[in-house]
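Report on one structure; see the data block that follows.
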Amino acid sequence: MNPNNIFFVGLMGAGKTTVGKSVAKRLGRPFFDSDHEIEARCGVRIPTIFELEGEDGFRQREALAIDELTRREGIVLATGGGAVLRPENRAHLHERGVVVYLRANPYDLWQRTRHDRNRPLLQTENPRAKLEALYAQRDPLYREVAHFVIETGKPSVAQLVNMVLMQLEIGGAIPPAPTDARHDDHPER
């Protein structure tokens, strides 16, 4: 584990990008989203990659992006929901950073993603059932790769960010937050 990097994993809609951006901002680190990096490199949206190359073609591009991004130092990275499917991705994530699994139940994820047309795997007759199947398949993989699991149920984004930072601090991945300096300004007399 490399404590200089923080990587977020979890199903689509769990909040990896939203929470990751806020954590990066609070820590003064650059933020990357592996899906956005793939789109920037290809010049097309992910649904187009799925359409042209299938899921296997996309997963190959994703593996290359994960390998390259996890080699960087001092970053915060949000991964795509299926990044954990390949063993090499799980190894790179687990070894090259502190992995935070943002865990949400399938119903909450369905509520968050049901109107999003940019999620190819959910363009089915029953997206809720698809999310339940993805959760059953991927939850063990997220847990395998994760150093910390954060439940995303009811907390606001700000609360989730604080929960993540607290776990990282307790786990020694980031230094403790500075204490109130006023205590140092007035030594006991």
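The values are calculated or read from the model by the stated rules, or taken from the named source; none is laboratory data. These figures come from a predicted structure and were not determined experimentally. Cβ placement follows ideal geometry from the backbone for every residue including glycine, while neighbour counts extend to all protein chains displayed.
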Checking V149, V99 in turn, the sole residue that is within 30 Å of I170 (Cβ to Cβ), modelled with pLDDT of 95 or more and either touching a Ser or Thr at 6+ places or on another chain (Cβ under 6 Å) or not aromatic (F, W, Y) (or both) turns out to be V99
List every residue pair whose Cβ atoms lie under 6 Å apart, where the two residues are 6 or more positions apart in sequence or sit on different chains, the first residue falls within region 131-150 and is closer than 14 Å to H94 by Cβ, and the second residue, located anywhere, is buried (at least 18 other Cβ atoms within 10 Å of the Cβ) and at pLDDT below 90.
none
Could you check region 4-28 and list, in sequence order, the residues that are more than 19 Å from H94 (Cα to Cα) and either surrounded by fewer than 20 Cβ atoms within 10 Å (Cβ to Cβ) or among the aromatic types (F, W, Y) (or both)?
T18, K21, K25, R26, L27, G28
Report, by residue number, each residue of region 81-99 that is surrounded by fewer than 16 Cβ atoms within 10 Å (Cβ to Cβ), out of contact with any Asp or Glu (no Cβ under 9 Å at 6 or more places or on another chain) and either touching a residue at least 12 places away in the same chain (Cβ under 8 Å) or among the hydrophobic types (A, V, I, L, M, F, W, C) (or both).
A91, E95
Which residue pairs have Cβ atoms under 7 Å apart, sit 6 or more places apart or on different chains, and have a first residue in region 25-37 that is modelled with pLDDT of 95 or more and a second that is basic (K, R) and part of a helix (DSSP H, G or I)?
F31/K21
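Determine whether D56 is out of contact with any helix residue (DSSP H, G or I) (no Cβ under 7 Å at 6 or more places or on another chain), in a helix (DSSP H, G or I) and at pLDDT below 90. Before you say what the answer is, go through the steps one by one.
Working: out of contact with any helix residue (DSSP H, G or I) (no Cβ under 7 Å at 6 or more places or on another chain): yes; in a helix (DSSP H, G or I): yes; at pLDDT below 90: no.
It is false that D56 is out of contact with any helix residue (DSSP H, G or I) (no Cβ under 7 Å at 6 or more places or on another chain), in a helix (DSSP H, G or I) and at pLDDT below 90.
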Conditions (1) of a type in the set (G, A, S); (2) out of contact with any Gly (no Cβ under 9 Å at 6 or more places or on another chain); (3) surrounded by 15 or more Cβ atoms within 10 Å (Cβ to Cβ): number failed by G54:
(3)
Only unsatisfied item for T70, checking (1) touching a helix residue (DSSP H, G or I) at 6+ places or on another chain (Cβ under 8 Å); (2) modelled with pLDDT of 95 or more; (3) of a type outside the set (G, A, S); (4) surrounded by fewer than 21 Cβ atoms within 10 Å (Cβ to Cβ), is (4)
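Of all residues in region 152-162 being crowded, with 18+ Cβ neighbours inside 10 Å and in a helix (DSSP H, G or I), which is modelled with the lowest pLDDT?
Of the residues in region 152-162, the ones crowded, with 18+ Cβ neighbours inside 10 Å are 152, 160-161.
Those still in the list that are in a helix (DSSP H, G or I) too: 160-161.
On the way: L160: 87, V161: 92.
By that ranking, first place goes to L160.
Only one residue in T18, T48 is part of a helix (DSSP H, G or I) and touching a residue at least 60 places away in the same chain (Cβ under 8 Å), so which one is that? Step through it out loud before you land on a result.
Working: T48 fails: touching a residue at least 60 places away in the same chain (Cβ under 8 Å).
So the residue among T18, T48 that is part of a helix (DSSP H, G or I) and touching a residue at least 60 places away in the same chain (Cβ under 8 Å) is T18.
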Members of region 83-97 that are within 16 Å of F58 (Cβ to Cβ) and either of a type in the set (S, T, N, Q) or out of contact with any helix residue (DSSP H, G or I) (no Cβ under 7 Å at 6 or more places or on another chain) (or both):
N89
